[in-house]
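Worksheet: one structure, shown below.
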Amino acid sequence: MSWRTESIALALLGALAGHAPAASEEQAVLAVVVDGRDDATVERFVIRDGTAWAPEARWRALGLRGTPRSADPARVAITDWPGVRATIDRRTQTLHIDQPPDMTRLHRVGAGAAPAATIDSAPGAVLNYDLLLARSEGAGRSDRAALLDGRAFGAWGRFEQGAILADGGNVRRVRLDTTYTRLDPEALRRLRLGDHIAAALSWTRPLRLAGAQWMSDFSLRPDLVTRPLPGLSGSVTLPSTVDLLVDGVRQLSEPVEPGRFEIRQPPVVSGLGEVSVVTRDALGREVVQTLPFYAAPRQLAPGLAEWSLQAGWVRRGYGVESDDYGDAAFVGSWRRGIDERSTVELHAEGGSGTAMAGVGVLHVRPTLGAFDAHLAASRGDGRSGLLAGFGFERISRGLSMGMAWEQADQDFRDIAAAQGEPSRRRSLRLSAGVPVGRSGGAAVAYVASRSAQDGGTATERRLLTASWSFVPWAGVQAYVGAYRDFGSDTVRGASIHLSLPFGTARSAFASVQRNDGDGALALQASQAALAPGDVGWRVQRDQGLAGSMPTRQVAQIDVLAPSARFEAAAEHAGGRGALRLGARGAVVVIDGITALAPPVTGSVALVEVPGAAGVAVYREHRYAGRTDADGRLVLTDLLAWQPNKLSIEPLDLSEDALPAAVVGTLRPAERGGARLRFDMQRSRSALLVLHDADGRPLPVGAQALLIGGRAATVGHDGQAWLNGLTADNELQVRWQGRELCRLRFGLDMVRAGRAGPLRCEA
């Protein structure tokens, strides 16, 4: 039916209903194309003087944005939308609508920051142990040592305790950190009570405190991008493909509809780079936009702030003394992104009769690099001091360089200096590096520093280093380095290192070092134990070239078992031998289930396949181990706050095991625990041969339904494969919407996975 015929028909219907349109109006059914996008949409409009009219809600449903000028939302003309152009093609009965670029639909390319997902957590505890037994020839005794690291975790937080126990020449019992930690991933907050390290800026010195720490923590959201990113947007008039290239490498590609588009969180790396946006429309036309950028890890996005507050007592002699605490101290830091290029930093600390405060600024120039400067003032013991610093860093694919200068007068003191650490006086660091070839590079660095103890002599050091890494032959990595120390006694040296890998686990290593007339040669071959059940080994020989260093020979074997890592080493040096035995592992308790595992440094998970021993478990498609006799496996060092994909090998299950799933995902908390259970159903299966009361095969396509179980389709010769059989089964067969017959049978009728012929009677 044509537009004119349709309009006449609608007018007649309206007249019969008593609602005849005005003489200047007509109704039409038109196809609609908005911003060049044809979604096969057809709508009914009122046409008055060549202009289409419709309710406002209908226009918005078609994709129009903005605010129309019409006062009556029930009757809005297309011309009432500001900036919108519309034409009616009477030949094709199509309404073409084009909006201004700022009113078109915005298409977001690339994934934005994902919202915080549910964290998988289970209560439990971990005790890491590192045990060592060593005996030297002629010593007459054995040295024993243990490093213990325990933690308990749950919904209430995490409690951690570490200790060193040694029994040899001198008995030592040293307590390490005792800390309670509470995390809030939604608010991005971290609370620590007990021993902790105060958060520091790049130009301040960290302190060990015993007290409280309250701080923001962006690491609780690994998906959150905290630094400024290049703003990439554009518009297209035809369906197109948008490609994003970073330093010439395509990072993402996505189709977009006509209208505006915006690239969210483009994947850029630190340093100087170039990002290009390539749009290619349906006609093959290509537009390239290139933008230089510089990304510094210390930058914060505009308006984003991070802070930390710490208060407590300064801890001294960590690792040597258990309870050596000094004066009370307070430390606070605050950072905020001012705009796309600048980040400001504030810091204050006080204690031990000393107070210090400072301000720092980081500024990025996209084509140059990152500049930073800081200024701090201190007051203590009636003296005031100043600290000033300036730095520049440029990291690029070509020449990279950096410079950092800092100067303090003799009266400047921070809390570390007040507690006996050397005071900062002057430092200068210069560095430069350039790539050489496809997989090599050369670098040079110079460091000069001067520090002084309160009331003591100053210590000064100047060191120049140079290095060159390259690939002399296929598969061989080489490193050449040299240094010169301009101290009271000038010292110089050089070294050459060669490394040759054999596959993924084996490697050989050789090095020659020369230091002021003395030298040493080292040779080593090794095989790493990477997965449970692997056996690693290492043989090494160190030999002095000038006779000042005795020859040293080492042989070591390393076994990575599912429950721990064991090692044994024999050493011979200077005519004396030594034997060393060690074991490293962890005792893990999750939801009351205890298991042994290799050392656990990060998050831990207990994977359960009930009643299934020897089932292979994979982490991100990489083999992680097999379940024990109880169907359990402990996985260590999972990624915190991120999804960890775990799966099991279904071919390792018994024939009657039907898993509810073979793939699962865990998002554990930081240094916390989680539990993943792959539930199983015990199922028996068989091929049934079904006949009717007259002994003829049931018709093809009939549905065989196991009462309380699953259904199957009858195939040729009356065969149907059924899962979930039990000791006593009832089967209903339906054909063409009606019940055809029923039968009962037991597992005693199944032989070698087959039963029948079974007679199914009405």
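The values are calculated or read from the model by the stated rules, or taken from the named source; none is laboratory data. Treat the numbers as computed from the prediction; the structure is a model and nothing was measured. Quick reminder, even Gly has a Cβ in these numbers, built from the backbone with ideal geometry, and neighbours come from all protein chains shown. Heavy atoms of the whole protein, side chains included, go into the accessibility calculation; ligands, DNA and RNA do not. Shrake-Rupley method; radii C 1.70, N 1.55, O 1.52, S 1.80 Å.
Observations
- Single residue of segment 296-352 satisfying the filter (over 30 Å from Gly271 (Cβ atoms) and of a type in the set (D, E, K, R)) that is surrounded by the fewest Cβ atoms within 10 Å (Cβ to Cβ): Asp323
- Test: residue in segment 744-756 that is free of Cβ contacts under 8 Å to residues at least 60 places away in the same chain and open to solvent by less than 40 Å² (accessible area, probe 1.4 Å): yes
- In segment 582-604, the residues that are charged (D, E, K, R) form no Cβ pair under 6 Å with any partner that is part of a strand (DSSP E or B) and buried (at least 22 other Cβ atoms within 10 Å of the Cβ), whether six or more places apart or across chains.
- Pick from segment 206-240, criterion open to solvent by 50 Å² or more (accessible area, probe 1.4 Å) and not in a loop (DSSP other than H, G, I, E, B), ranking: farthest from Ala640 (Cα to Cα): Ser235
- Output for segment 184-199, where each listed residue is over 15 Å from Ala311 (Cβ atoms), in contact (Cβ under 8 Å) with a residue 24 or more places away in the chain and either within 16 Å of the chain's Cα centre (by Cα) or not in a strand (DSSP E or B) (or both): Pro185, Glu186, Leu188
- The residues of segment 56-85 that are open to solvent by 50 Å² or more (accessible area, probe 1.4 Å), over 50 Å from the mean Cα position of the chain (by Cα) and of a type in the set (S, T, N, Q) amount to a single one, Thr79.
- Matching residues in segment 33-55 - criterion: being on the phi > 0 side of the Ramachandran plot, open to solvent by 50 Å² or more (accessible area, probe 1.4 Å) and modelled with pLDDT under 80: Ala40
- Counting only residues that are in contact with a Leu (Cβ under 9 Å, 6 or more places away or on another chain) and either closer than 13 Å to Val236 by Cβ or modelled with pLDDT under 80 (or both), segment 265-287 holds 10 of them.
- Hits in segment 300-352 (condition: assigned to a loop (DSSP other than H, G, I, E, B), under 30 Å from Gln419 (Cα atoms) and aliphatic (A, V, I, L, M)): Val320
- Total residues in segment 366-408, condition exposed (fewer than 15 other Cβ atoms within 10 Å of the Cβ), charged (D, E, K, R) and not in a loop (DSSP other than H, G, I, E, B): 1
- Scan of segment 656-687 for residues that are in contact with a strand residue (DSSP E or B) (Cβ under 6 Å, 6 or more places away or on another chain), free of Cβ contacts under 8 Å to residues at least 60 places away in the same chain and not in a strand (DSSP E or B), ordered by number: Asp656, Val662, Ser683
- Considering segment 724-743, the residues that are in a strand (DSSP E or B) and open to solvent by 50 Å² or more (accessible area, probe 1.4 Å) include one that is nearest to Asp694 (Cα to Cα), namely Arg742.
- A search for C-beta distances below 9 Å between a residue of segment 132-150 that is at positive phi and any residue that is open to solvent by 70 Å² or more (accessible area, probe 1.4 Å) and modelled with pLDDT under 95, counting only pairs 6+ apart in sequence or on different chains, returns Gly138/Arg576.
- Residue check for Leu690: touching a helix residue (DSSP H, G or I) at 6+ places or on another chain (Cβ under 7 Å), not in a loop (DSSP other than H, G, I, E, B) and not aromatic (Phe, Trp, Tyr): yes
- The set of residues in segment 353-365 that are within 17 Å of Pro206 (Cα to Cα), open to solvent by 10 Å² or more (accessible area, probe 1.4 Å) and within 33 Å of the chain's Cα centre (by Cα) contains only Val359.
- Residue count, segment 567-612 (criterion: open to solvent by 60 Å² or more (accessible area, probe 1.4 Å) and either under 30 Å from Gly154 (Cα atoms) or of a type outside the set (A, V, I, L, M, F, W, C) (or both)): 10
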